[in-house]
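Data first, discussion second: the structure below is written as structure tokens.
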Amino acid sequence: MKTKVLGIAGWSGSGKTTLLTRLIPLLRSGGLTIATLKHAHHAFDVDQPGKDSYQHRKAGAGEVIVSSARRWVQMHEVGDGAEATLPELLVKVSPCDLVLVEGFKSAHYPKIEIYRASLGKTPLCLQDKLIVAVASDQPLPGIDIPHADLNDVRAVADLVVAKAQPIEAVIAGLNAPRA
């Protein structure tokens with residue numbers, strides 16, 4: 001299977017991360033290899049003060065790679081530089097079957113919306129025509145894209161697999177000029 005991509009979008013508090021932690025094992029049990037790409041809206045550290053990697057980065061290293069027998073991580077320090085774009089990040093993902101992107105909700109790429117009416121917000125799919133499906137905790141009358149019950153993880157997983165797009169097409173769409 002060639003790598004495919006689908007975004008998981010929704011308002012803060014809608015349950016995107018919770019759903020992903022339930023979806024990933026289910027998709028893996030079906031034989032898929034999964035990568036995730038998460039957007040953070042603020043500065044964050046994956047290494048902790050006092051650790052060697054933190055010291056290296058704080059000393060000015062623009063890139064730090066930490067490796068062990070069980071995992072490795074690569075960190076880029078951008079400082080005052082531009083934030084990496086979604087296409088720039090997608091090309092860095094190792095080969096896999098499916099990349100699930102959490103965040104980048106305003107980017108021009110296919111997404112499934114996680115919607116909870118209790119948040120009191122308007123569904124994103126009413127404005128974003130690249131939302132290709134909705135997983136909601138209640139029916140959404142008048143919304144004519146595929147819909148799954150947010151608590152039926154198997155149904156949501158089926159939508160994710162059906163609606164994910166080839167990574168090359170997603171990158172091309174993200175890089176296309178907007179009218």
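Here, each number is a calculation from the coordinates, and none is a lab measurement. All values derive from a computational prediction rather than experimental measurement. Backbone-built Cβ (ideal geometry, glycine too); neighbour counts: all protein chains shown.
Here are the numbers for this structure:
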| item | result |
| --- | --- |
| Residues of type lysines that residue 121 reaches as a straight line, Cα spacing below 21 Å, ignoring anything fewer than 8 places off in the same chain | 16, 105, 111, 129 |
| Between 0 and 90°, nearest 10: helix 153-163 axis offset from the chain longest Cα axis | 80 |
| Residue-averaged [θ]222 nm for the chain, counting only DSSP H segments that reach four residues, each worth -39500 (n - 2.57) | -7500 deg cm²/dmol |
| Within the chain: Cβ-based charge dipole about Cα centre, in debye rounded to nearest 20 (Lys, Arg +1; Asp, Glu -1) | 220 |
| Gain in span if fully extended, residue 84 to residue 51, counting 0.36 nm per residue against the direct Cα distance | 9.4 nm |
| For segment 93-179, alpha-carbon Rg relative to the globular expectation (2.2 N^0.38 Å, N residues) | 1.13 |
| Cα long-axis angle, helix 16-29 against the chain (0 to 90 degrees, to the nearest 10) | 90 |
| Share of alpha-carbon pairs per 10 Å distance bin for segment 52-121, given as whole % | 13, 33, 31, 18, 4 |
| Segment 82-103 and segment 151-179: distance between their alpha carbon centers, rounded to Å | 12 |
| Contour minus Cα-Cα distance for residue 162 and residue 65 (0.36 nm per residue) | 31.4 nm |
| Filtered chymotrypsin sites (Phe, Trp or Tyr not before Pro), segment 46-152: DSSP coil and at most 14 other beta carbons within 10 Å | none |
| Using alpha carbons only: equivalent-ellipsoid semi-axes of the chain, gyration tensor based, whole Å | 31, 18, 17 |
